[in-house]
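Q: My questions all concern the structure below.
Every read-out reported here was derived from the displayed coordinates using simple, explicitly stated rules and does not represent laboratory data. Keep in mind the model is a prediction, meaning the values are calculated, not measured. No Cβ is skipped: glycine too gets one built from the backbone with ideal geometry, and neighbour counts run over all protein chains shown.
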Amino acid sequence: MNNVNRRDFLKLTGSSVIGLTFGSVALRANAQEQVALDNPTAVALKYVHASEVDGQNCDNCQYVQGEKGKEWRPCAFFPGKVVNAKGWCAGWVQKAG
Ligand code: SF4
């Protein structure tokens, strides 16, 4: 390998590593983490993955976000995490409409 080829090879390898790194960060950002029951906010709000309160669950709460029908959805109270559509917490408020 002469000098030019080696430089090109290193450039290519370097950008591939950067591409892979950004790629996995993007993947991680998309696959949001399910909120843990021992998350301090979850504990404070008594969050559970399965509601025990009739007619109240994350799916019909005003604070749930994302696409209806998904099992796990983002919630305004848990930035960067997802809550179970059948879950519940003390912050539950009937979704308007
Ligand atoms: S505020 Fe509580 S009940 Fe409402 S979506 Fe979030 S975790 Fe579920």
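Q: Check which residues have an amide H placed less than 5 Å from Gln34's amide H, if you skip close sequence neighbours.
A: It is Val82, by chain and number.
Q: What distance in nm separates the two pseudo spin-label positions at Gln65 and Gln34, each 7 Å out from Cα along the beta-carbon direction?
A: Modelled inter-label distance: 2.1 nm.
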